[in-house]
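Below is one structure; the comments refer to it alone.
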């Protein structure tokens, strides 16, 4: 089993975690599987010798047909849990806010409408740039460029077998190094499908989610989905550990602790009763952030927990 160099962009750290949320457990025939529940954790090393590393953040991922639910606890006791639900059968994503008992819905048609509005707004802003002072022109041009996915050029990633073999969750895996522009971005320990007890078909909802994001979002979120699909197609096996790096320093480590094949309650893939729906909007560069139904800033739901 060897890694193949993908033809699309590679993931940014957090979206790589989406693909790496499967591994351990006893093999169960596909015909007997009603769903998959994965128990995971994410740890972050101390930023400096003077600080203590944060405790691992527990999470889980549920896969059932075309439905996905991702959860991860907050980094501190005061930080709320992050929950995202993808419904491939309804072509939408829900992001839950347990603290405020609200949820944000993003569907493809709504996002296409908002993207059209934002592109029109960007065109108007560019036409008005000449009226601004030079310093303000430069600031707005930079903001517009950052918001335009076509202006962001990135090198294709390189996947390389390191030859290092390890054991994670009781399963033997081999490390694959992912780099871009000569800089190492991650190390992924991969278990072959048979040993892991799952198949690539079991992860079909994850790929559907990546495709949804790729076709729906723009900017950094679009690149994340491109990268997620690249890893999905480029790794021949299931990642059980993902170590991410920045500037040569380890930034986070994602691990799979357990996988279970079992029936999953359909309510897990719906917004909880009593939660209020929030309005999703896009803030243009330099503009005031939009407000949701509850009077709070609305942001796109994360592609994956653990940011």
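Residues that are in contact with a strand residue (DSSP E or B) (Cβ under 8 Å, 6 or more places away or on another chain) and either at pLDDT below 90 or closer than 17 Å to residue 102 by Cα (or both) within segment 58-71 comprise 69, 70, 71, listed in sequence order. Of the numbered conditions (1) under 19 Å from residue 277 (Cα atoms); (2) without any contact (Cβ under 8 Å) to a residue 40 or more places away in the chain, residue 89 fails exactly one; give the number of that condition. So residue 89 meets the others, but not (1).
Could you grab me the full set of residues in segment 162-174 that are under 16 Å from residue 238 (Cβ atoms) and out of contact with any strand residue (DSSP E or B) (no Cβ under 6 Å at 6 or more places or on another chain)?
Kept after step one, since they are under 16 Å from residue 238 (Cβ atoms), are these residues of segment 162-174: 165-174.
Within segment 162-174, 167, 170, 172 meet the criteria.
A single member of 98, 91 is at pLDDT 90 or above and at positive phi, and it is 91. Residue count for segment 199-235, restricted to those that are farther than 17 Å from residue 106 by Cα, at pLDDT below 85 and not in a helix (DSSP H, G or I): 1.
Return yes when residue 283 is modelled with pLDDT under 90, touching a strand residue (DSSP E or B) at 6+ places or on another chain (Cβ under 6 Å) and at negative phi and no when it is not. Break it down into steps so the answer makes sense when it comes.
Details: modelled with pLDDT under 90: yes; touching a strand residue (DSSP E or B) at 6+ places or on another chain (Cβ under 6 Å): no; at negative phi: yes.
Answer is no for this residue.
Against the test of being buried (at least 19 other Cβ atoms within 10 Å of the Cβ), at pLDDT 90 or above and in contact with a strand residue (DSSP E or B) (Cβ under 6 Å, 6 or more places away or on another chain), the options 36, 42 yield a single qualifying residue, 42.
Here are some residues: 267, 258. Which one is assigned to a helix (DSSP H, G or I) and either touching a strand residue (DSSP E or B) at 6+ places or on another chain (Cβ under 8 Å) or surrounded by fewer than 19 Cβ atoms within 10 Å (Cβ to Cβ) (or both)? I'd like the intermediate steps shown before the answer.
On the way: 258 fails: assigned to a helix (DSSP H, G or I).
Criteria check complete, one pass: 267.
Select from segment 101-116 the residues that are part of a helix (DSSP H, G or I) and either surrounded by 13 or more Cβ atoms within 10 Å (Cβ to Cβ) or modelled with pLDDT of 75 or more (or both) and list them in ascending order. Please lay out each step first, then the result.
Our first condition is that a residue be part of a helix (DSSP H, G or I); within segment 101-116, this holds for 108-116.
Within segment 101-116, 108, 109, 110, 111, 114, 115 qualify.
Restricted to segment 131-144, and to residues there that are surrounded by 13 or more Cβ atoms within 10 Å (Cβ to Cβ) and in a helix (DSSP H, G or I), the residue that is modelled with the lowest pLDDT is 144. Of all residue pairs spaced 6 or more apart or on separate chains, those with beta-carbon atoms under 8 Å, a first member in segment 60-82 that is outside any loop (DSSP other than H, G, I, E, B) and a second member that is modelled with pLDDT of 90 or more and loosely packed, with under 14 Cβ neighbours inside 10 Å are 67/89.
The values are calculated or read from the model by the stated rules, or taken from the named source; none is laboratory data. Because the structure is a prediction, the values reported are computed rather than measured. No Cβ is skipped: glycine too gets one built from the backbone with ideal geometry, and neighbour counts run over all protein chains shown.
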